[in-house]
There are 2 protein chains.
Amino acid sequence: MAARLSSIRCSWLSRHLSRSSSQSVFNSPCIISYNSLRNMSAIKSSKCLELDNINPCIKTMEYAVRGPLVIRAVAIEKELEQGVKKPFNEVIRANIGDCHAMGQVPITFIRQVLGLCVYEKLFDDPTIPSDAKERARDILSGCKGSSLGSYSDSAGIEIIRHHCAEYIQRRDGIPSDWQNIILSSGASGSIKAILALLRCPVNGKRPGVMVPIPQYPLYSATIAEFDMEQVGYYLDESKNWGLDIKELQRSVDEARKISAVRAIVVINPGNPTGQVLSRENIEEIIKFAYKENLFIFADEVYQDNIYAAGSKFYSFKKVLTEMGEPYSKMDMASFMSCSKGYMGECGIRGGYAEVINMCPEVKAALLKSISAQLCPTTIGQACIDVVVNPPKPGEPSYELFMKEKNGVLQSLKERAEMVAKTFNSFEGFSCNPVQGAMYAFPQFKLPQKAIDAAKKAGQTPDSFYAFQLLENTGICIVPGSGFGQRPGTYHFRTTILPQPEKLKEMLALFQEFHVKFLAQYK
Amino acid sequence: MAARLSSIRCSWLSRHLSRSSSQSVFNSPCIISYNSLRNMSAIKSSKCLELDNINPCIKTMEYAVRGPLVIRAVAIEKELEQGVKKPFNEVIRANIGDCHAMGQVPITFIRQVLGLCVYEKLFDDPTIPSDAKERARDILSGCKGSSLGSYSDSAGIEIIRHHCAEYIQRRDGIPSDWQNIILSSGASGSIKAILALLRCPVNGKRPGVMVPIPQYPLYSATIAEFDMEQVGYYLDESKNWGLDIKELQRSVDEARKISAVRAIVVINPGNPTGQVLSRENIEEIIKFAYKENLFIFADEVYQDNIYAAGSKFYSFKKVLTEMGEPYSKMDMASFMSCSKGYMGECGIRGGYAEVINMCPEVKAALLKSISAQLCPTTIGQACIDVVVNPPKPGEPSYELFMKEKNGVLQSLKERAEMVAKTFNSFEGFSCNPVQGAMYAFPQFKLPQKAIDAAKKAGQTPDSFYAFQLLENTGICIVPGSGFGQRPGTYHFRTTILPQPEKLKEMLALFQEFHVKFLAQYK
């Protein structure tokens, strides 16, 4: 009740706050204009922050993966708990790449090492293998006072940065300098830190960042929050979501009329689109970025998630280096996370960025900028350490580790195939093969009556469909409009993460819903 | 060598990039102007990011606690490892409130619960008491898939938010709503998130935030990064670093000529100044903030660290609520962390904010803004859970827990007294009592010859002194200029965290250095 009263007052006040839009600078939405409340004695308020006087960029930003549909899904879960009757018994959260939440079991070796790091008495436990103890001992030796409870350097624990560099070197066959490794809380932490370097108008123009459409909403949300210009380039659905250079060119040329485009984000393997880029396509993108002087954000967090026959992961760094000069001198950044792959340790928040060929002064500024956040969580650092320094052949944990890792990846591969195949059997659906990552992004046609009904409900047609699906089946997906899609087309993202039996069940439920939905709106 | 060449090229390029300062808006330093490199074919560079074309706010920001002195301290540590001879054998890091790094031992109960959460086989360990297992079971029951590896809600795991609210209610005797609790990575995460709400010019003026001088550099760094105006108010050193309302008024009146002052930061107990505010002083501050329509950031992370006889911690929420209307309706935020207190789990990154009386739409915007960071690390959340839900009388872990907690706090109290007393015995030093927190901030006089030598070396006198101390003794402190101080006065911050024997040794070394320093520059 108190909250409601307060809410009413806020809106009332909002209406009474005078606003002026005369002061538009850099065509930025992030300027507010209001009369200081303290001068308006008639409506003296106890509140300093009102919707009309907070940062408009934050009001603008959206993060669809956790948007209104998810909020409704949480509410439905509560209703189910309270015994409200629904046509289903549980919400299936296919909206977010949250592996453990969908029943994936943690990798034993990772948890052994983390357990040792936080609870040192485990070193006395004879059931924990010696290689796990060695890993934990190495990590703790890199911590001040030998405790994960001490701050690390802002860029992370040195020995872990070394291990990351060695991992990259093994992966690419190309040297990696540990001083170019910046550990962070998930990949998101370092992505935001590097985007922040670009956060300033240039010659009166907002800085622009090219992002794929559809894209992972971390980028759109951060770009909006940072008052930057999101410069979308469409992925080519007809070419399995590949990047078409003509489209990149169109996008940058149009955008440069109003903004200072300075960077391009490429997500490979793709989120939400599940494609794995060919080496040739990566070469073209690098040439384009060089020509247009764009800093490359290579989001490579799904590098372990490659399923399709003939698909292979090539890192941007490897391709760019092997292309030789001038490309091999380009500055760029690559991102990795322990939230995806076969480990799926999302909540632990571990990740790293490798910054390549970065101007030393810029790197110094970057390192300084992250220092006020003190350090990424040490347990996240420990987790990424295990990922980049897993058991080696001959070590006691090797066999179990490989069995678990391959088990997860094989099962994901089967689910990737199952999802694409099943969706392609639905009326009006077409779904590209899920070559990698953890998502399918099918396109679906909607009858005009459904589109009209959506309009009437004040929703986009894909949101309308997704809400109907949720209310009728408990399946929570993310409408394509949260990621971006070509106008007039409708998509959604679903993860492939429910365990196989659950996934079959989900797809059957989905099909049943779809048939009914079409019947209703035909 | 490659790095050096690259560095030279960057500087060279920088000189060739045309800059214009004509485009000054909101007297903001965060505007850049440069000619796109791609149009300057003569000096075509492979680098997109150069010092001259990155976000100037990041170049401006400083974070003294991890500044040049600390960088030098790290280098000295490396030299010592490599066998370079120094007049000392180790660096004593008195620069940062990093308890475990200085030998403080983790609290057993905390680590038992964290161990159970990450390594579930520990539930079978009969040496771990049942109350630790209960806590861990509760936490895991709040995690999707019962794993810390799943994402939590962006505001944190619900059951932990409930526990935080119950803790606050026990502490203050005033209701607390769990939906007002936002878990974050340390306190820093939520402080930055709420500051970001204010990040936008108002009627052409930069938003201003009042911070104490001296202050904790998280604030100055974030305010600079966010292109906001830092509005300093001096703490009254003669009144044990209390807040003087006349000084607050002077500060806001002056600042409002050029900026839109919207918030005030109060750190209680004080960092770096160690004071504990009286209830009367807090009441005055609240009245002032109400009158000036300022959002209060109550940084209360040291609430467990109260040492001086007669000092008591009062939360801003408690005082404001008990003052009645209109004050009890003010919106404000209070911050807590698991990095300080008796636990000192800095690297784990756990913390929370309680937002009080916040306009619901503003709270919704805040929650949305943190959603793109996915979630704070779940292990940090688990850690703050133990802090707010410790063993109760009668539970098996209660005695050991209280013994360890009181042991740490008692020892800190003794060290607080030792540090202030010892510094007050130094020639030219005066040090207020360390009533709380983990720091002393003594003032010291420097002979003119030392001030001249500093000038010659291009350093502030306090930095010069701190560098000399570091090079001669290995003791690493932070010069007062990193926190702010009245012009013409010199201070430094030292932690009281070295273990008692080490602290005695450090103070003896310090005294010896100081005597020599005075002799040299007299």
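Quick rundown of the values:
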| quantity | calculated |
| --- | --- |
| Exposure of A:Met61 as accessible area (Å², to 10), given a probe of 1.4 Å and all protein chains | 0 |
| Minimum 20 Å² accessible area buried by the other protein chains, the range B:301-339 residues, probe 1.4 Å, relative to alone | B:Lys329, B:Asp331 |
| The range B:56-135, accessible surface, carbon-and-sulfur percent (1.4 angstrom probe) | 55 |
| A/B buried area, accessible surface, summed, 1.4 Å probe, Å² | 9800 |
| Relative contact order (%) - criterion: Cα under 8 Å, at least six apart; region: chain B | 19 |
| Range of Cα positions in the range B:152-388 per principal axis (Å), largest first | 46, 45, 35 |
| Reachable aspartates and glutamates from B:Lys291, criterion Cα separation under 14 angstrom, eight or more residues apart if same chain | B:Asp253, B:Glu283, B:Glu325, B:Asp331 |
| Qualifying aspartates and glutamates (Cα of each under 15 Å from Cα of B:Lys516; at least 8 residues distant if same chain) | B:Glu427, B:Glu471 |
| Neighbour count of at most 13 Cβ within 10 Å plus DSSP loop: longest GluC sites (Glu not before Pro)-free window in chain A | A:91-426 |
| Chain B: mean projected area of Cα convex hull, nm² | 28.3 |
| Accessible area (Å², 1.4 Å probe, nearest 10) - B:Lys392 | 100 |
| Length released on extending from A:Asp236 to A:Thr60, taking residue separation times 0.36 nm less the Cα-Cα span | 60.6 nm |
| At least 50 Å² of accessible area lost relative to the chain alone, listed for the range A:115-141 with a 1.4 Å probe | A:Val118, A:Tyr119 |
| Cα shape, the range A:206-253, gyration tensor, a/c 1.5 rule | oblate |
| Pairwise FRET efficiency - B:Glu427 versus B:Ala508, Cβ, R0 = 22 Å, nearest 0.05 | 0.90 |
| For chain B, calculated [θ]222 nm from helices alone, where every DSSP H run of n ≥ 4 adds -39500 (n - 2.57) | -13500 deg cm²/dmol |
| Built amide H within the under 5 Å cut-off of A:Val478, gap 5+ | A:Arg493 |
| Accessible area of the range B:152-388 belonging to carbon and sulfur atoms, whole % at 1.4 Å probe | 50 |
| Accessible surface of B:Tyr490 - all protein chains present, 1.4 Å probe, nearest 10 Å² | 40 |
| Cross-link pairs A:Lys246/A:Lys455; A:Lys85/B:Lys144; A:Lys368/B:Lys192; A:Lys317/A:Lys392 - those with Cα-Cα distance over 28 Å | A:Lys246/A:Lys455 |
| Threshold 30 Å² - residues in the range A:196-221 whose accessible area is reduced by that much or more when the chain is no longer isolated, probe 1.4 Å | A:Ala196, A:Leu197, A:Arg199, A:Cys200, A:Pro201, A:Val202, A:Asn203 |
| Share of carbon and sulfur in the accessible heavy-atom surface of the range A:397-522 [1.4 Å probe, %] | 55 |
| The range A:428-517 shape via C-alpha gyration tensor axes, a/c threshold 1.5 | oblate |
| Proportion of all alpha-carbon pairs of the protein assembly as shown beyond 41 Å (%) | 40 |
| Residues of chain B: accessible area per residue with a 1.4 Å probe, Å² | 36 |
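The values are calculated or read from the model by the stated rules, or taken from the named source; none is laboratory data. Everything numeric here is computed off the predicted structure, so don't read it as measured data. Note that each Cβ is placed from the backbone with ideal geometry, even for glycine, and that neighbours are counted across all protein chains shown. Note: areas computed on protein heavy atoms with side chains; ligands, DNA, RNA excluded. Shrake-Rupley method; radii C 1.70, N 1.55, O 1.52, S 1.80 Å.
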